[in-house]
Amino acid sequence: MSRLIVNGGNPLNGSIRANGAKNSILPILAATIINGGENIIHNCPDLKDVHSAIAILRHLGCRVEYSGGTIVVDSAGMDRWDIPDDLMREMRSSVIFLGPILARCGKARMTYPGGCELGPRPIDLHLDALSKLGVHIQEEGGEITCECGPLQGRQINLSLPSVGATENIMLCATACQGTTRIVNAAREPEIWDLQQFLQKAGAQVQGAGQHDITIQGGVPTRQPTEHSVIPDRIESATYLCACAAAGGEICVQQTIPAHFAAVTELLAESGCQIQVGGQEVRLRAPGRLHSVRPVRTMPYPGFPTDAQSPLMATLCLAQGTTMFSENIFESRYRHCAELCRMGADIRVEGRVALVTGVDHLTGASVKATDLRGGAAMVVAALAAQSASEITQIDHIDRGYDHIERAFAALGADIKRQA
Ligand code: UD1
């Protein structure tokens, strides 16, 4: 199993370009099923989760080619509507295929999705909403079997703004007769990107980025559909957190600064000099960071849960105490014990973590507990005195495109060992 070896203590300097967003490309790949033809998607990151999504598309009978950051999906030959258990367990996002398979085939069969261990991650909101649109759902022995009656658009009130449920409803609703209205929809930028793709494919979807999204179903789709994925706001935020912790000055380019303003605001509060211009954010680290007001994870545009662990790794080195409050997932502090191995001072009580800054972190042998927890390990290891070994990095590869190359290009001493 591969691992990362990091000799910490080098400041980071230079410019880096953000990759396409993982959380955009995955639902968009699922959406390519809908038009039954050719889809050309640009700015695709090379991630383990992207390869898992491609494996699902190929299993379904789609032709997929991936080269030079562009994925071409031809869904004309799709002749299956099931996803086998091994592919479902690869990632949580495999559940996003449910809505489009139903829209295209009128039936679907899959097991429960896998993904990061962040506490219980139910899919009740997805299934409730789909059944309201006319899908008959049977759950037995971990398998979900769906048959569509006449699909009829209607109003769906989400009890919480789930990103995945919003996407599944948008995708299934393209095949419903009449209008579907999602009330309390997720407002994440990736939902807007999915809407852009669907509009290019001829679907009538409006309202992404606001609380209400409307889908006028049963409209003929178009092909070929060509789209470029938005930049990854969490990857951009991770680079900045790393520079804040390790020192130096970096510029993240070809990104959308407004998408992660909640993170840059806190980095500025911690003493970093931040300059935002057009499609880039420049950060210069201070001599010593200081603690910031409580960090409370919230749905977009609040502070993203996915940036909680990288920012925590940074603030392990800040003077004073910062309180983190995780409000999206029940169990998203598994990285804390690993950070403590490197000398961090963190106390976790339920959904709250109290981080008291230390003078320095010491290199250690640590593991990536999950995707973003793994990113936190990289941030901490880059800033630590002496060498660290990070294991279980397949978690990191799910969401970061060759993380070691990105940081090595900024001057870090980081290598992957097979
Ligand atoms: C997406 C992101 C993930 C991010 C998360 C929250 C993708 C591929 N992944 O995950 O990176 O951390 O949003 O911003 O886009 N919930 C239910 N029932 C459901 C669905 C969700 O109770 O049917 C709960 C979840 O347990 C969680 C909360 O709602 O507590 C938010 O989850 P959701 O927004 O659905 O996250 P994902 O779409 O899984």
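Solvent-accessible area of segment 364-417 (1.4 angstrom probe, protein heavy atoms only): carbon and sulfur portion equals 47 percent. When a/c reaches 1.5 or more, the comparison of a/b and b/c decides; with that in mind, is segment 260-418 rounded, prolate or oblate per its Cα gyration tensor? Cα axes put segment 260-418 in the rounded bin.
Can you tell me the order of 402-410, 342-350 when each peptide is scored by its average per-residue count of other Cβ atoms within 10 angstrom, highest first? If you can, show how the numbers build up before the last one.
On the way: 402-410: 18.9, 342-350: 16.2.
Packing order, densest peptide first, comes out as 402-410, 342-350.
Rounded to the nearest 500, the helix-only mean residue ellipticity at 222 nm of the chain stands at -9000 deg cm²/dmol, with each DSSP H run of n ≥ 4 adding -39,500 (n - 2.57). Accessible area per residue (1.4 Å probe, heavy atoms of protein chains only) ranks LYS415, LYS22 as LYS415, LYS22, with the largest value leading.
Using Cα atoms only, what is the angle between the long axis of helix 371-383 and the major principal axis of the chain, expressed in degrees (0 to 90) to the nearest 10? Long axis of 371-383 versus the principal axis of the chain: about 20 degrees.
For segment 1-96, the relative contact order works out to 27 percent when only alpha carbon pairs closer than 8 Å and six or more residues apart are counted.
Charge tally around TYR300: other residues with Cβ under 13 Å, Lys/Arg +1 each, Asp/Glu -1 each, net -2. Each peptide in 268-280, 243-255 was scored by the mean count of other Cβ atoms within 10 Å over its residues; highest first, the order is 243-255, 268-280. Too long at a 31 Å Cα-Cα cut-off: which of LYS132/LYS200; LYS200/LYS415; LYS200/LYS367; LYS107/LYS367? Violating the 31 Å Cα-Cα cut-off are LYS200/LYS415; LYS200/LYS367; LYS107/LYS367. Summing Cβ point charges (Lys, Arg +1; Asp, Glu -1) relative to the Cα centre of segment 1-125 gives a dipole of roughly 140 debye.
Which of the peptides 285-291, 129-135, 163-169 is most tightly packed, and how do the rest follow, going by the mean number of other Cβ atoms within 10 Å of each residue?
Numbers: 285-291: 16.3, 129-135: 20.6, 163-169: 25.4.
Final packing ranking: 163-169, 129-135, 285-291.
The values are calculated or read from the model by the stated rules, or taken from the named source; none is laboratory data. No experiment lies behind these values; they were computed from the predicted model shown. Here the Cβ is made from the backbone with ideal geometry for all residues, glycine too, and neighbour counts use every protein chain on show. With ligands, DNA and RNA removed, areas are computed over all heavy atoms of the protein, side chains included. Shrake-Rupley method; radii C 1.70, N 1.55, O 1.52, S 1.80 Å.
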